[in-house]
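Asks: One structure, pasted below without further comment.
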Amino acid sequence: DQPLPKNKHWQALELASHEICLSDKKAFAENFKHIEKESNELEPHTVLVQSVGKQKVVVNPPFPVMGEQEIDAVFDLPYTRLPHPKYAKRGPIPAYEMIRHSINLHRGCFGGCSFCTISAHQGKFVASRSLKSILKEAEAITRMPDFKGYISDLGGPSANMYKMQGKDLSICAKCKRASCIYPSVCFNLNIDHQPLIDLYQAVSRLPGVKKAFVSSGIRYDLLLTADKAKDRQYGLSKYLEELVRHHVSGRLKVAPEHTSERVLRIMRKPSFKFFLQLKKKFEAINRKFGLNQQLIPYFISSHPGSTLEDMAELAATTKKLGFQLEQVQDFTPTPMTVATVIYYSGYHPYTLQPVYTAHSIDEKTEQNRFFFWYKKENRSWIIRKLSELHRPDLLKILLAERRQAQKNPPKNARKRH
Ligand code: SF4
């Protein structure tokens, strides 16, 4: 019965109680909309309150975004760059091997993908380190005894958001969008890629560095525009060229995630048309510089909204493009995401409309199986499923003699959050 502590700068927002949520999944879904909106504020000032029995859960507003000095101070601490000594006798740790020579350039992501939890724990606004702090870390890596000259990643939650933020922060302060780039790139977002190009080049010039790779995923929709002046102004094609020529270790991994526009909307991912544009540009850069880099697309099956027929279409579309997919995953609900709220409640938290989601092991296995249309053991299953779905057109594509497919090498490790 005690009153909540007061702060004159904050306001309180009462969510549907725990008990209501237990009996009403729509109320639970709606709660999430408020939680996400409040966690994406530039100047957070709302206290979330939820009753649980006779008690109340109080969630204070998140801390404001770190400034350059603050984030530098965090990254400049004297880390050992080693796993905890308690693992010393256990042999190599795969996750550590992947990151031991990598550098994190920034925190935060303004992509707002429905299945990703990054914005819930790092925020929508990007905090970027200074060039000086990054170079200092790169130099420290060159002094590591096992360093052979290859920085494995100059990255972040999304590789190409370094130093990006709203041009006019007073507009951002009033903004409630979950993503600065979906459904389209915000007019107020500064997407200048020149600081990132300068950074890649500065790290590459350091004594002892043979190559500095970028293995975190890029948001390619940021790089594609029909507006030539904008492309020049923000160094978009220039960035892609720099990336493909000098910072890709044979394979550029990108995440279109699906081919269905309806599913992509639920994912808050750009239209598949952007992937097709990227592919064209990527191939042109390869031709121009006599390179043989591969483009590796990642996809998810069973994401909320995705049906078996959507997966069959995905298989046919990617096959027609010459891909033989292996780097794929089935949707795993991650706490604090729109997708997981849909998975659990059956409702989209923003529209409160029902959304179909594959739940059972059988449904999920079947969706995933369409990725592997090229395996002999799936042939008769595909024939049966596509005749049940009345899609002889897809059957014709999937069973046709396949073109020279771009096979994703199985060892290609995924970096996901
Ligand atoms: S105004 Fe634009 S750039 Fe600023 S936070 Fe909103 S969507 Fe992002």
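Asks: Can we say GLY156 is without any contact (Cβ under 8 Å) to a residue 40 or more places away in the chain, away from the ligand (no atom under 16 Å from the Cβ) and either within 29 Å of VAL185 (Cα to Cα) or open to solvent by 20 Å² or more (accessible area, probe 1.4 Å) (or both)?
Replies: Taking the combined requirement at face value, the residue does not satisfy it.
Asks: I've got another one for you. Checking the conditions here, which among PRO335, PRO304 is assigned to a loop (DSSP other than H, G, I, E, B) and surrounded by fewer than 23 Cβ atoms within 10 Å (Cβ to Cβ)?
Replies: After ruling out the rest, the residue left standing is PRO335.
Asks: While we're on this one: Among the residues of region 128-144, write down those that are of a type in the set (S, T, N, Q), out of contact with any Leu (no Cβ under 9 Å at 6 or more places or on another chain) and open to solvent by 20 Å² or more (accessible area, probe 1.4 Å).
Replies: Answer for region 128-144, where residues must be of a type in the set (S, T, N, Q), out of contact with any Leu (no Cβ under 9 Å at 6 or more places or on another chain) and open to solvent by 20 Å² or more (accessible area, probe 1.4 Å): there is none.
Asks: Tell me whether region 48-66 contains one or more residues that are polar (S, T, N, Q) and in the same structural domain as MET144 (by TED's automatic domain parsing).
Replies: Within region 48-66 (the criterion being polar (S, T, N, Q) and in the same structural domain as MET144 (by TED's automatic domain parsing)), the answer is no, since none of the residues qualifies.
Asks: Might you let me know whether region 201-220 holds any residue that is in a helix (DSSP H, G or I), closer than 29 Å to ILE300 by Cα and out of contact with any Cys (no Cβ under 9 Å at 6 or more places or on another chain)?
Replies: The answer is yes; a qualifying residue exists.
Asks: Going through PHE274, PHE289 one at a time, which residue ends up being touching a Lys or Arg at 6+ places or on another chain (Cβ under 7 Å) and open to solvent by 20 Å² or more (accessible area, probe 1.4 Å)?
Replies: The unique qualifying residue is PHE289.
Asks: Which one is nearest to the ligand (Cβ to nearest atom) among residues in region 103-120 that are assigned to a strand (DSSP E or B) and open to solvent by less than 20 Å² (accessible area, probe 1.4 Å)?
Replies: HIS106
Asks: Anything in region 159-189 that is open to solvent by 50 Å² or more (accessible area, probe 1.4 Å), touching a helix residue (DSSP H, G or I) at 6+ places or on another chain (Cβ under 6 Å) and near the ligand (Cβ under 9 Å from one of its atoms)? List them, or say none.
Replies: Correct list: LYS176 only.
Asks: Restricting attention to region 52-99, report how many residues are outside any helix (DSSP H, G or I), modelled with pLDDT of 95 or more, out of contact with any strand residue (DSSP E or B) (no Cβ under 8 Å at 6 or more places or on another chain) and small (Gly, Ala, Ser).
Replies: Count: 1.
Asks: Name the residue that is most open to solvent (accessible area, probe 1.4 Å), counting only residues in region 197-206 that are without any contact (Cβ under 8 Å) to a residue 60 or more places away in the chain and not small (Gly, Ala, Ser).
Replies: Checking each candidate, the answer is ARG205.
Asks: Determine which member of the set GLU30, GLU70, GLU43 is within 30 Å of PHE147 (Cα to Cα), within 27 Å of the chain's Cα centre (by Cα) and open to solvent by 60 Å² or more (accessible area, probe 1.4 Å).
Replies: On inspection, the qualifying residue turns out to be GLU70.
Asks: Looking only at region 225-242, which residues are within 20 Å of ALA255 (Cα to Cα) and open to solvent by 20 Å² or more (accessible area, probe 1.4 Å)?
Replies: THR225, SER237, GLU241, GLU242
Asks: For PHE75, work out the one condition from (1) within 23 Å of GLY112 (Cβ to Cβ); (2) hydrophobic (A, V, I, L, M, F, W, C); (3) more than 16 Å from the ligand (Cβ to nearest atom) it doesn't fulfil.
Replies: (1)
Asks: Next question, about the same structure. Look at ARG268 and say whether it is free of Cβ contacts under 8 Å to residues at least 60 places away in the same chain, open to solvent by 20 Å² or more (accessible area, probe 1.4 Å), under 22 Å from PHE110 (Cα atoms) and not hydrophobic (A, V, I, L, M, F, W, C).
Replies: no
Asks: Within region 156-181, take every residue that is of a type outside the set (A, V, I, L, M, F, W, C) and in contact with a Gly (Cβ under 6 Å, 6 or more places away or on another chain) and give me the one that is farthest from GLY108 (Cα to Cα).
Replies: Restricting to residues being of a type outside the set (A, V, I, L, M, F, W, C) and in contact with a Gly (Cβ under 6 Å, 6 or more places away or on another chain), the top hit is SER179.
Asks: Also: Given the options VAL214, VAL209, name the one that is crowded, with 20+ Cβ neighbours inside 10 Å and out of contact with any Lys or Arg (no Cβ under 8 Å at 6 or more places or on another chain).
Replies: Result of the check over VAL214, VAL209: VAL214.
Asks: Moving on to the next point. Tell me, which residue of region 7-39 that is polar (S, T, N, Q) and modelled with pLDDT of 95 or more is farthest from CYS180 (Cα to Cα)?
Replies: SER23
Asks: Surrounded by 14 or more Cβ atoms within 10 Å (Cβ to Cβ), basic (Lys, Arg) and either more than 30 Å from PRO304 (Cα to Cα) or in the same structural domain as GLY166 (by TED's automatic domain parsing) (or both): does that describe ARG245?
Replies: yes
The values are calculated or read from the model by the stated rules, or taken from the named source; none is laboratory data. These numbers were taken from a predicted model, which means no experiment stands behind them. Because the Cβ atoms are built from the backbone with ideal geometry, glycine has one as well, and the counts that use them run over all protein chains shown. To get the accessible areas, we keep the full protein, side chains included, count just its heavy atoms, and leave off ligands, DNA and RNA. Shrake-Rupley method; radii C 1.70, N 1.55, O 1.52, S 1.80 Å.
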